[in-house]
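**Student:** Here it is: the structure, laid out below.
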Amino acid sequence: MDKKDVSAKVAGDISLGGQISVHRLGFGAMRLTGEGIWGPPRDRKAALAVLRRAVELDINFIDTADSYGPHVSEELIAEALFPYPAGLVIATKGGWNRPGPNQWTHDATPVHLREAVEGSLKRLRLDRIDVYQLHIPDPVVSFEASVEALAQLRNEGKIRLVALSNVTQEHIERARKIVPIVSVQNRYSFADREWDYVADYCEQNGIAFIPWFPLGAGKVAGQVLDRIAQAHKASPTQVALAWLLRRSPIMLPIPGTSSTEHLEQNVAAASLRLTDEDYQTLSRVPALVASR
Ligand SMILES: NC(=O)c1ccc[n+]([C@@H]2O[C@H](COP(=O)([O-])OP(=O)(O)OC[C@H]3O[C@@H](n4cnc5c(N)ncnc54)[C@H](OP(=O)(O)O)[C@@H]3O)[C@@H](O)[C@H]2O)c1
């Protein structure tokens with residue numbers, strides 16, 4: 001494929017809450033931080049270059065969180081891209097903290113979410129965050145209280161659109177009684193379909209579904225992926241992304257990488273058309289794994 005043809009536009013567009021339209025292939029900025037999603041990247045220049053290249057490739061949806069680094073991912077985005085090009089949507093998150101490498105702690109109290117939003121606004125150098133996602137429900141905080149806090153911040157103009165991550169359908173239904181929900185971000189790939197029913201619910205309700213860890217994992221999945229990738233002269237990653245894009249028009253993958261080369265490969269996946277047979281074969285991988 002000619003490098004100049006590589007563009008996130010090829011993936012088509014998706015509307016977030018009927019208010020913002022973005023190309024249906026975004027970028028996940030978690031992998032730009034140091035080892036264990038902790039501290040600064042080993043090569044800061046390279047991390048900044050990946051972000052700038054993402055925008056050159058027409059990516060206009062970047063996913064991040066206050067906890068990536070912590071703070072590092074948001075700071076890199078601002079350093080690389082501010083003043084932001086028109087139409088670039090940065091979706092950040094709060095409610096899940098990073099106290100050390102590979103460690104997570106919950107805090108989705110209204111007080112913390114307000115502090116988190118204020119911190120993200122500062123680091124991203126924004127007056128308003130386009131998409132703000134509750135990172136994960138906090139088991140010791142009322143879910144309604146967390147969502148109400150985000151609805152209040154939206155009323156104050158600090159957030160434009162509210163979104164959720166790591167939730168069940170029941171969470172989405174409860175949240176929608178409080179505030180419109182524009183996207184849901186859950187772990188999902190062709191091989192990892194626990195949240196199929198949530199993706200279906202999102203499709204029925206015009207909510208974008210943002211799969212994290214979109215590249216899949218596991219030995220059987222890898223074997224099937226390799227075979228289909230070879231037939232298309234594509235990489236396994238590209239096949240996994242092409243499956244997601246075909247799964248539903250509400251799917252908005254955000255593959256994460258710290259490498260410009262991988263980024264270009266991932267964006268090129270928007271042009272890969274799987275045959276019906278490839279798509280069905282990949283869709284059957286979870287059943288294949290379960291039967292062994
Ligand atoms: N909501 C949540 O709870 C949650 C949780 C996890 C992640 N996320 C978001 O989802 C995004 C994606 O998830 P993820 O980063 O965990 O998983 P991913 O995108 O499925 O995988 C990233 C890994 O794959 C490698 N990779 C990427 N492109 C590749 C390519 N073309 N060829 C070979 N290897 C490639 C990356 O390494 P290299 O750096 O070497 O390319 C990295 O190790 C994150 O960046 C983050 O924004 C959200």
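**Student:** Which part of region 179-212 falls in the paramagnetic zone of residue 288, meaning amide N under 11 Å from the point 7 Å along Cα-to-beta-carbon?
**Tutor:** 191
**Student:** Taking the Cβ-Cβ separation of residue 118 and residue 203 as r and a Förster radius of 25 Å, what is the calculated FRET efficiency to the nearest 0.05?
**Tutor:** Working: r = 34 Å, r/R0 = 1.37.
Efficiency, rounded to the nearest 0.05: 0.15.
**Student:** Calculate how many DSSP beta bridges within the chain are antiparallel, expressed in % of all such bridges and rounded to the nearest 5. Provide the component values of the computation, followed by the final result.
**Tutor:** Values: 7 of 32 bridges.
Once the DSSP bridges in the chain are tallied, antiparallel ones form about 20 percent.
**Student:** Can you order the peptides 25-33, 146-154, 97-105, 112-120 by their average number of other Cβ atoms within 10 Å per residue, highest first?
**Tutor:** So the peptides 25-33, 146-154, 97-105, 112-120, ranked by packing, come out 25-33, 146-154, 112-120, 97-105.
**Student:** Further question: Multiplying the sequence separation of residue 111 and residue 193 by 0.36 nm and subtracting their Cα-Cα distance, what value in nm do you get? Write down the numbers at each step before the final one.
**Tutor:** Details: separation 82, 0.36 × 82 = 29.52 nm, distance 3.42 nm.
So the chain would gain 26.1 nm between residue 111 and residue 193.
**Student:** Something else: Taking region 65-131, how much of its Cα-Cα pair set, in percent, is spaced more than 21 angstrom apart?
**Tutor:** 22
**Student:** Suppose a student asked you for the relative contact order of region 77-153, using Cα pairs under 8 Å spaced at least 6 residues apart; what percent would you report? Before the final figure, lay out the partial values.
**Tutor:** Details: 90 pairs, mean separation 28.7, N = 77.
Contact order relative to length: 37 percent.
**Student:** May I ask you to list the residues of region 34-63 whose amide nitrogen lies under 16 Å from a point 7 Å from Cα along the Cα→beta-carbon direction of residue 102?
**Tutor:** 34-39
**Student:** Moving to a separate point now. Ranked from the most accessible area to the least, with a 1.4 Å probe and all protein chains present, what is the order of 196, 138?
**Tutor:** On the way: 196 35, 138 10 Å².
Heavy-atom accessible area, descending, gives 196, 138.
**Student:** Output ³J(HN,Hα) for region 40-52: one whole-Hz value per residue in order, computed from phi by the Karplus curve 6.51 cos²θ - 1.76 cosθ + 1.60 with θ = phi - 60°, and x for Gly and Pro.
**Tutor:** x, x, 4, 10, 4, 4, 5, 5, 5, 5, 4, 5, 5
**Student:** Any chance you could run the full-extension gain for residue 19 through residue 168? It's 0.36 nm times the residue separation minus the Cα-Cα distance, nm to one decimal.
**Tutor:** Details: separation 149, 0.36 × 149 = 53.64 nm, distance 2.42 nm.
That pair, residue 19 and residue 168, stretches by 51.2 nm at full extension.
**Student:** Using +1 on the beta carbon of Lys and Arg, -1 on that of Asp and Glu, and nothing else charged, what's the dipole of the chain about the Cα centre, debye to 20?
**Tutor:** On the way: 33 positive and 34 negative charges, 79 e Å.
In debye, rounded to 20, the chain gives about 380.
**Student:** With the contact rule set at Cα under 8 Å and sequence spacing of 6 or more, what percent relative contact order holds for the chain? Before the final figure, lay out each step's value.
**Tutor:** Working: 575 pairs, mean separation 54.6, N = 292.
Over the chain, the number comes to 19 percent.
**Student:** Given the pairs 45/219; 9/233; 122/177, which are separated by over 27 angstrom at their Cα positions?
**Tutor:** On the way: 45/219 34 Å; 9/233 22 Å; 122/177 30 Å.
As for pairs spanning more than 27 Å Cα to Cα, those are 45/219; 122/177.
**Student:** Taking a virtual spin label 7 Å from the Cα of residue 275 along the C-beta vector, which residues in region 216-255 bring their backbone nitrogen under 13 Å of it?
**Tutor:** 228-233
**Student:** Label residue 227 and residue 35 with points 7 Å out from Cα along Cα→Cβ: what is the distance between them in nm?
**Tutor:** In this crude spin-label approximation the distance works out to 3.7 nm.
**Student:** Moving on. Order these peptides, 251-260, 200-209, by their mean beta-carbon neighbour count within 10 angstrom, highest first. Can you show the working numbers first?
**Tutor:** Values: 251-260: 21.7, 200-209: 18.1.
Packing order, densest peptide first, comes out as 251-260, 200-209.
**Student:** A further question on this structure: In degrees between 0 and 90, to the nearest 10, how far off the longest principal axis of the chain does helix 219-232 point, with axes built from Cα atoms?
**Tutor:** Helix 219-232 and the main axis of the chain meet at about 60 degrees.
**Student:** Tell me, what % of the accessible area of the chain is carbon and sulfur with a 1.4 angstrom probe? Before the final figure, lay out each step's value.
**Tutor:** On the way: 6320 of 12630 Å².
Solvent-exposed carbon and sulfur of the chain make up 50 percent of the total.
**Student:** Rg (Å, one decimal) plus Dmax (Å, integer) for the alpha carbons of the chain?
**Tutor:** 18.3, 53
The values are calculated or read from the model by the stated rules, or taken from the named source; none is laboratory data. Everything quoted here is computed from the prediction, not taken from an experiment. Cβ: placed from backbone, ideal geometry, glycine included. Neighbour counts: every protein chain shown. Ligands, DNA and RNA are excluded from the accessible area calculation, which covers all protein heavy atoms including side chains. Shrake-Rupley method; radii C 1.70, N 1.55, O 1.52, S 1.80 Å.
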